[in-house]
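S.K.: Got a structure for you, questions after.
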Amino acid sequence: MNKEQILNEVNLKAVRSSGSGGQHVNKVATKVVLSFSIENSEGLTVQEKELISEKLAVRINKEGELILSSGTTRSQLRNKEMVIKKLISLLQRSLQSKKKRKATRIPKSAQLKRLQKKRLQSQKKADRKKPKID
């Protein structure tokens, strides 16, 4: 993954944020929308493109673009930085492979301890019952 190449291929667009903020929100375009075409990217290898397309299928639209947005701050510059960080971290996380789980056994001492605790709890409950009179 070539970060510099990816950052050159990114399309950024500033739009007006929604939500509270009064007059400031109504006149300033601070929200940043980022679109990144995975299929046409030269910063990713073919294997990386396949992995990303597979793992981020929910976030990719019909045109094969990954669209992210950030409008949390009132600064367009900070929103731009945040959305770029979000893109890079999302791509890096999708390229990481999961570690295979090693099958382990429950230790004998843990099994015995659990069974002993279970017996004690059972005895405690049995002692609370009324005795049977024949």
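The values are calculated or read from the model by the stated rules, or taken from the named source; none is laboratory data. None of these values were measured; they are calculated from a predicted model. Neighbour counts are summed over all protein chains in view; Cβ atoms, including those assigned to glycine, are modelled from backbone coordinates with ideal geometry.
S.K.: Return yes when Leu44 is within 15 Å of the chain's Cα centre (by Cα) and either farther than 28 Å from Ser18 by Cβ or of a type outside the set (Asp, Glu) (or both) and no when it is not.
M.R.: Taking the combined requirement at face value, the residue does not satisfy it.
S.K.: In addition: When only residues in segment 79-108 that are under 30 Å from Lys49 (Cα atoms) and hydrophobic (A, V, I, L, M, F, W, C) count, which is surrounded by the most Cβ atoms within 10 Å (Cβ to Cβ)?
M.R.: Top of the filtered list is Leu91.
The rows are residues; the columns are (1) among the acidic types (Asp, Glu); (2) at pLDDT below 90.
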site: Gln23; (1), (2): no, yes
site: Ser41; (1), (2): no, yes
site: Leu56; (1), (2): no, yes
site: Glu63; (1), (2): yes, yes
site: Gln76; (1), (2): no, yes
site: Leu90; (1), (2): no, no
site: Lys124; (1), (2): no, no
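S.K.: Something else: Restricting the search to segment 88-108, which residues are assigned to a loop (DSSP other than H, G, I, E, B) and among the β-branched types (Val, Ile, Thr)?
M.R.: Selection gives Thr104, Ile106.
S.K.: Given the conditions (1) surrounded by 14 or more Cβ atoms within 10 Å (Cβ to Cβ); (2) assigned to a helix (DSSP H, G or I); (3) not basic (Lys, Arg), and given that Gln111 satisfies all but one, which numbered condition is not satisfied?
M.R.: Going through (1) surrounded by 14 or more Cβ atoms within 10 Å (Cβ to Cβ); (2) assigned to a helix (DSSP H, G or I); (3) not basic (Lys, Arg) one by one, Gln111 breaks only (1).
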